Amino acid sequence: MVSREAIGSRLRLTREALGFRITAFAKVCGLSRTRYQNFEAGRNLIKPEQAAKLFEAFADDGLDFNWLYSGDTSGISPRIARAIKARAEQLAQSKAGVVNE
């Protein structure tokens, strides 16, 4: 079973890779800021019909259930996949205390 935290982490990576702040991203997805923030924080699990709104909003980027629920980036656009990977690496480095100069 996929954890809420893993999905929340992928939501955050996606939002940041697309260059959105939480409020703007939630609005584009048709969700309140609080509701979206709870998904991203892993407090609640985003339902498939709610995720579908996200995919519709960013259809040109190829966001899909495979990415959100399993972490498989093969179906999303190469540009977004690269941005997600870069952001994930930045977050990992900051957690490890590595600073880029």
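The values are calculated or read from the model by the stated rules, or taken from the named source; none is laboratory data. Everything numeric here is computed off the predicted structure, so don't read it as measured data. Remember, those area values only see protein heavy atoms, side chains included, never the ligands or the DNA or RNA. Shrake-Rupley method; radii C 1.70, N 1.55, O 1.52, S 1.80 Å.
Helical runs (DSSP H, four residues minimum) scored at -39500 (n - 2.57) apiece and divided by the length of the chain put the mean residue ellipticity at 222 nm at -19000 deg cm²/dmol. Helix 4-17 versus the longest principal axis of the chain: what is the Cα-based angle in degrees, 0 to 90, to the nearest 10? Relative to the chain, helix 4-17 is tipped by roughly 70 degrees.
On the chain, 50 percent of the accessible area sits on carbon and sulfur atoms, based on a 1.4 Å probe. Can you give the accessible area per residue of the chain, in Å², using a 1.4 Å probe? Normalised by residue count, the accessible surface of the chain is 61 Å². What the phi angles of the range 32-47 give under the Karplus curve with 6.51, -1.76 and 1.60, with θ = phi - 60°, is a coupling list of 6, 4, 4, 4, 4, 4, 5, 5, 5, 7, x, 6, 10, 9, 5, 7 Hz, glycine and proline written as x.
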